[in-house]
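The values are calculated or read from the model by the stated rules, or taken from the named source; none is laboratory data. Values in this document were obtained by computation on a predicted structure and should not be read as measured data. Quick reminder, even Gly has a Cβ in these numbers, built from the backbone with ideal geometry, and neighbours come from all protein chains shown. For accessibility, only protein heavy atoms count, side chains too; no ligands or nucleic acids. Shrake-Rupley method; radii C 1.70, N 1.55, O 1.52, S 1.80 Å.
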Amino acid sequence: MSERAHPEDPGFQGTIYERKMHERYRFAAACVQGKDVLDAACGTAWGWADLGSPQSVTGIDASREALREARRLGFGERLVGGQLGSLPFRDRCFDAVICLEAIEHVTPAEAASFLAECRRVLRPGGALVLSTPLRLGGRHSGNPWHLFEYDEREIRSLLDPFFETLEARIDSEGDVPVFLYAGALRAEIGPAANFHWTEPDIHSRAAG
């Protein structure tokens with residue numbers, strides 16, 4: 001599975017990445033206690049044990065292989081195949097959406113569609129918890145699975161029309177800085193930011 005955390009992978013076990021992914025889910029836990037939660041791009045769902053006591057957790061992932069592994073490992077039961085930009089759920093059926101280190105795997109247009117879908121499936125007052133690696137020193141990491149890496153201004157400009165910031169910080173421990181975000185659903189969609197790349201050709205240069 002491409003760049004997916006797997007608890008049985010010896011290349012993942014005991015690494016800083018394993019520790020950080022536990023920390024990401026624990027960061028999300030503050031927003032999900034007693035709530036109906038969607039884990040968007042859940043992978044093998046192994047991090048759900050770190051969420052504490054949500055009312056329910058549902059996972060969606062584009063990889064059928066990952067979902068099969070999640071079921072085999074016993075980490076998740078409520079699992080659905082699907083894409084971030086088109087969530088196969090009815091309106092207002094979740095209290096929180098978490099999306100941890102996944103939005104960099106889709107285009108900005110797909111990311112914006114995902115945030116609009118979050119607005120649709122969240123109940124009033126719902127929350128989004130998101131993490132994503134940022135460009136380091138203005139440079140794409142070169143990770144072939146990352147279609148787009150943002151700087152902080154860029155990712156905030158995507159989030160701000162839909163969510164009001166509750167907490168945002170950058171975790172600088174590790175190979176690349178990671179943006180951690182928790183936001184509350186706005187009652188009305190705010191004005192779209194004038195989004196543009198700080199360095200417009202960075203991704204074409206990274207691909208070359």
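Structural remarks
- Filtered by the rule that a residue be of a type in the set (Ser, Thr, Tyr), outside any loop (DSSP other than H, G, I, E, B) and either open to solvent by 30 Å² or more (accessible area, probe 1.4 Å) or at pLDDT below 95 (or both), the stretch 151-188 gives SER157, THR165.
- Sole residue being in contact with a Leu (Cβ under 7 Å, 6 or more places away or on another chain) and either of a type in the set (D, E, K, R) or under 28 Å from ILE170 (Cα atoms) (or both), chosen from ARG71, ARG64: ARG71
- Here the condition is being touching a Phe, Trp or Tyr at 6+ places or on another chain (Cβ under 8 Å) and modelled with pLDDT of 95 or more; of VAL106, VAL121, VAL97, it holds for VAL121 alone.
- Going through (1) within 27 Å of PRO124 (Cβ to Cβ); (2) over 16 Å from the mean Cα position of the chain (by Cα); (3) small (Gly, Ala, Ser) one by one, GLY74 falls short only on (1).
- Residues of the stretch 32-68 classified as touching a His at 6+ places or on another chain (Cβ under 7 Å) and open to solvent by 10 Å² or more (accessible area, probe 1.4 Å), total: 1
- Residues within the stretch 9-55 that are of a type in the set (Asp, Glu) and either in contact with a Phe, Trp or Tyr (Cβ under 9 Å, 6 or more places away or on another chain) or modelled with pLDDT of 95 or more (or both), tallied: 4
Condition check ((1) more than 20 Å from GLU164 (Cα to Cα); (2) free of Cβ contacts under 8 Å to residues at least 60 places away in the same chain) across all residues:
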{"residue": "MET21", "(1), (2)": "yes, no"}
{"residue": "ALA30", "(1), (2)": "no, no"}
{"residue": "GLN55", "(1), (2)": "yes, yes"}
{"residue": "LEU87", "(1), (2)": "yes, yes"}
{"residue": "VAL106", "(1), (2)": "yes, yes"}
{"residue": "LEU122", "(1), (2)": "no, no"}
